[in-house]
Amino acid sequence: MASVTYDHVVKRYTADLTVVKDFNVEIKDKEFMVLVGPSGCGKSTALRMLAGLEAISEGEIRIGDRVVNNVAAKDRDIAMVFQSYALYPHMSVYDNMAFPLQMQHMKKDDIDKRVKNASRILGLDNFLKRKPRALSGGQRQRVALGRAIVRSPKVFLLDEPLSNLDAKLRGQTRIELQKLHRDLQTTFIYVTHDQVEAMTMGDRIAIMNAGILQQVGTPGDIYDHPANLFVAGFIGSPTMNFVPATVDNGTAKASGLEVKLPKPVSAAKGTLGFRPEAVTDRVVEGGPTMKMKVDVVERLGSDQFLYGQVGADQVTARVDPRMSVQPGDTVQLGLDTRGLHFFDAETEKALI
Amino acid sequence: MTVAVASPTSSTTARFSPRWLSDRLGGLVLHVVVIGLTVAWMVPTIGLLITSFRQSADISNSGWWTALSPPFKFTLDNYSQMFAASNLGQSLFNSFMISIPATIIPVTLAAFAAYAFAWMKFPGRDWIFLALVGLLAVPLQLTFIPVTTEFVKLGLTPQHLTAIGLPPFIPLWLAHAGYGLPFSIYLLSNFFRALPSDLFESAEIDGAGTLTVFFRIVLPLSVPAIASLVIFQFLWVWNDLLVALIYVGGVATVAPVTVTLVNLVGSYGQNYQLLTAAAFFSMIVPLVVFLSLQRYFVRGILAGSVKG
Amino acid sequence: MDFSVLLTDLPTLVVVIIGVPAVLAAYIVGGEYLVRRLPDKARPSVRPWIWVAPALLLVAGFLVAPAIGTLAQSFEDKNGAFIGFQNFAAQLAGFPTGGAWIAIRNNLFWLIFYTLFVLAFGLLLAVLFDRVPYESVVKSLIFMPMAISSVALVVIWKFMYAYQPPGQPQTGTLNFILNTVFHQDPRTWIQDESPLLGLFPLNDMALIGAAVWGIVGFSLVILSAALKGIPGDLLEAARVDGAGEITIFRRVIFPLMMPTVVVVGTTLVIFALKAFDVVYAMTNGNYHTDVLANRMYQLLYNSHDFGGASAVAVILLLTVIPVLIFNLRQFRAVEARR
């Protein structure tokens, strides 16, 4: 149980290959923090530096008040769950979970108690004698968790632990992990490329791209107030609509849309952003409207998404599922300006 | 698309068409060819096996195949004569004394080195490894003269070692180890490197030290590679003639089975009957080793030699 | 008959079997103990050397240093005086039949035919065996000669090649077949230098044949595993595209197996260049069947011509060098793909 602080952390492999740049985050005690970003963005490297698997080029990492830059991985009081689970294939489930404790020269009885306890929490009691290859993907994943739990570490590190599970199991395990976090009352740091996992599980989310931290915040905060174009595009599915626009006298003009900005911006050019759910078939009196030439209609039962052209731009709309539209139709849609964003053309920072 | 749809119908409806017949014949031809080739491959061995149970007079007068028709006149004479005429007991013992350590030493040392080559960083690592790969192609003959000279200088001759109470096989252990190491390191490094790095990182976080990782994770996971290497090295040493001839050639008390067998060829000339028995006798141990470990064998060599 | 030695000396064997690994384990545990005494910073730079040192020392002592020594010796006479290229000149004199030329010629035959036959047979058997349900049995049977020593192999093949004058009952399997099936006079396979197809001496081919028989299992096992590594849907896709089995082999299977064929091929080339046992035990290099390795051995132990033997060894090394370079390049290419 401890906080984790990244203080101006840099990871550089060669002079011109820097994978993590000036990374600053403070993760609170008992927090569930998700590091999310596209593959190769440096999120795993950031985690592995904390684990002690990669050297820190610059800056420092603290666990609690202790600077761990020069502390060996095994002495950092952390546990890590790997994407591949990294179970020792030649050891039984029991031995896999007992291994880290044996390394600490713990007494046999204590090891037994802890392993039994972890296996009860995770429902692995019937599998203790099996080898990993005789387990299903979900069971293996739980063994990997168990191996972390037995150590009762200060910080749990999870590196894409769900990406090898099928969709249904992934949803189930997401919930179990949250329950586990609540029961263990420990700091969790969770790395994923999947924004759905990030949104559903994280107390807070840290979004990275190209080695740079983009934004840290609660899921709601990040969804509603993305700090820049990258975050806006990364979070949310289907992704936010982006249309290039020019600003003239407080009104943004795009190729097929004109909208009065809710507050003045300093830039003359930029990108207008609005989520699909802001584009609906309910046209508000006096509000901005657009004509969409529909290319594709996606009916999901509860929702209906329209993909089409508005002027020269591609736009996605979420409309009432009962609305009858065919590809090729042209429909009139309204825009809810409460969910409107505007990004600077140069810096890509959010101005609204 | 049409082909995919058409083929199932043609095979179900036209059961007695020429196509069906030719398929059947094709299958039959295949089995005949496969079994024929295999039998042909075994003929030399079978011939020797049968010959080894024939009387010497028959052997020089008629082919082994004549023994397959009555009257049967099989005998164990060759085997009993062979044991009486040569000191095969001694050479069998010598072969074990040579082969077992000359297998253990290079395999163990290669495992140590391969672990370092695969999972540790040190200056010159890749160059040294490349040089080892290059050494695979160096003919052993190139090394015999200097090594023999050096052995004599250092007193590593069977006579001298026996005199000072050490096993006279030490030169052979060391030589076989030196010659076997490049291949062993090459094979094991490739295998070790293919182990998932997550396991090593996980072990590091768990607090396992270098030795623990080596003995409790790397070795148990590398059983196929190590077993196949053990077979390779054991067969190579057990069957070796050249190295033994050169380093302990003249000393009968140290000679392995192969050397004794060659001497039989020399001293008995055309006395086939002894040779046949002796040749069969020399095959027993390698065959037992090979057959008992062969299921690991393929997996192991593939990991080393065929990748990507 | 004296197997009592096995019993009386058994304790020695046991001591050796337990003692040798104990010493090796003690070395690495002791080394690791010492490394842990070192300051933190020094450990990563010292530890690898502890692990590689014994192997590298043995390799240096038995391969690298002696190879260099031989290189030096090939320029010296019997008294160790430098005589330039005289040893080489003596070995390479009298082309095409004097000095080492016969051996060089024969090594070339070995290189071509041994490699080719082993690869071709291995590939053929791998493809054929792949289609029968009793594959593992036939594979083991073909592989079995691998476990036999070359000396035993030679005994086996002396029987295959045995010769009796025409008219007498043949004792050699091949001559029997020649006689009864093809109604031809028996041949002295091992001595007969008459050229096959007007080019290649029969006895050379006979020696190579025996060696091929012994090693085909090796290429069969590896090639057949590579064959199984080819994804089945690739072959099905080719069949759906209307390709015949032979086309599939030529255009799909063979190209995909090429990397493996190259690996096996280079290994075989090295085996061919180092060929010794079969020649030594079958003909001892007589009847113009000599090869470099055997010639070197004869020069060394029969003529005590150290300089000449070294020169032959160096010639052998020179022939291996192209293979070595090829090997290294292959290896680096594979490494680069990792």
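Quick notes
- Net charge of the neighbourhood of C:LEU316, taken over other residues with C-beta under 13 Å away and scored Lys/Arg +1, Asp/Glu -1, is +1.
- Calculated log₁₀ intensity ratio I(q)/I(0) where the Debye formula runs over C-alpha points of the stretch A:4-232, q = 0.11, 0.14, 0.17 Å⁻¹: -0.55, -0.89, -1.25
- Between 0 and 90°, nearest 10: helix A:167-184 axis offset from chain A longest Cα axis: 60 degrees
- For the Cα trace of the stretch C:260-338, dividing Rg by the Kirkwood Rh returns an Rg/Rh value of 1.12.
- Backbone amide hydrogens, once placed in the peptide plane, bring A:ASN209 within less than 5 Å of A:GLN214, excluding anything fewer than 5 places away on its chain.
- Exposure proxy for C:VAL221, A:VAL310, B:VAL33: other Cβ atoms within 10 Å of each Cβ, ordered fewest to most, give B:VAL33, A:VAL310, C:VAL221.
- Of the residues A:VAL143, C:VAL216, C:VAL323, the one with the fewest other Cβ atoms within 10 Å heads the list, and the complete ranking is C:VAL323, C:VAL216, A:VAL143.
- Taking chain B and dividing mean pair separation by its residue count, relative contact order in percent (alpha carbons under 8 Å, at least six apart): 27 percent
- Centroid-to-centroid separation of the stretch A:118-178 and the stretch A:227-264 [C-alpha atoms, Å]: 42 Å
- Per residue, the convex hull spanned by the Cα atoms of the stretch A:43-127 measures out at 133 cubic angstrom.
- For A:LYS253, a cut-off of 28 angstrom between C-alpha atoms picks up these lysines, skipping any fewer than 8 places away in its own chain: A:LYS263, A:LYS269, A:LYS291, A:LYS293, A:LYS349.
- Rounded to whole Hz, the Karplus (6.51, -1.76, 1.60) HN-Hα couplings of the stretch A:244-257, x for glycine and proline: x, 8, 10, 10, 9, 6, x, 10, 8, 10, 10, 5, x, 7
- In the stretch C:181-276, the GluC sites (Glu not before Pro) that fall in loop regions by DSSP, at most 15 other Cβ within 10 Å: C:GLU193
- Candidate lysines for bridging to B:LYS153, where Cα separation is under 30 Å - those fewer than 8 sequence places away on the same chain excluded: C:LYS78, C:LYS274
- Karplus-derived 3J(HN,Hα), 6.51/-1.76/1.60, for each residue of the stretch C:9-19, Hz, glycine and proline x: 8, 3, x, 4, 4, 5, 4, 5, 5, 8, x
- In the stretch C:88-337, inverting the average of 1/r over every pair of distinct C-alpha atoms gives 20.3 Å as the Kirkwood radius.
- For A:ILE27, the residues 5 or more places off, or on other chains, whose built amide H falls under 5 Å of its own are A:VAL4, A:THR5, A:TYR6.
- In order along the stretch C:170-183, the phi-based Karplus estimate (6.51 cos²θ - 1.76 cosθ + 1.60, θ = phi - 60°) of 3J(HN,Hα) comes to 7, 9, x, 4, 5, 5, 4, 5, 4, 6, 7, 8, 9, 6 Hz; Gly and Pro are listed as x.
- Length-normalised contact order of chain A in % [C-alpha pairs under 8 Å, at least 6 apart]: 16 percent
- Most mobile listed residue (C:GLY217, C:GLY172, C:GLY285) in chain C, GNM with C-alpha springs under 10 Å: C:GLY172
- Quotient of C-alpha Rg and 2.2 N^0.38 Å, computed over the stretch C:4-73: 1.66
- 10 Å Cβ shell holding at most 14 others, DSSP loop, trypsin sites (Lys or Arg not before Pro): longest site-free stretch of chain A: A:130-281
- Size descriptors for chain B, from the alpha-carbon set: Rg then Dmax equal 26.4, 85 Å.
- For chain C: relative contact order, % (alpha-carbon pairs under 8 angstrom, 6 or more apart): 22 percent
- Spatially proximal lysines relative to A:LYS107 (Cα-Cα < 28 Å; intrachain offsets below 8 disregarded): A:LYS74, A:LYS116, A:LYS129, A:LYS131, A:LYS154
- Residue-normalised convex hull volume from the C-alpha trace of the protein assembly as shown: 257 Å³ per residue.
- Low-density loop positions, chymotrypsin sites (Phe, Trp or Tyr not before Pro), the stretch B:36-137 - DSSP coil, at most 10 other Cβ in 10 Å: B:PHE72
- Ratio of Rg to Rh for the stretch A:238-344: 0.97 [Cα atoms; Kirkwood radius as inverse mean 1/r over pairs].
- Taking amide H positions as modeled 1.01 Å from N, with prolines and chain starts lacking one, no residue 5 or more places away or on another chain lies under 5 Å from A:MET91.
- If you take the Cα centroid of the stretch B:116-147 and the Cα centroid of the stretch A:59-110, the two points sit 37 Å apart.
- Stokes-Einstein diffusion for the stretch A:125-206, with the hydrodynamic radius set to the Kirkwood value over Cα pairs and evaluated at 37 °C in a medium of 0.692 mPa s, equals 242 µm²/s.
- Put the Cα centre of the stretch B:182-236 next to the Cα centre of the stretch A:1-55 and the gap is 31 Å.
Quick note: the coordinates plus some simple rules give every number you see, no bench work behind them. If you're wondering where the values come from, they're calculated on a predicted model, not measured in any experiment. No Cβ is skipped: glycine too gets one built from the backbone with ideal geometry, and neighbour counts run over all protein chains shown.
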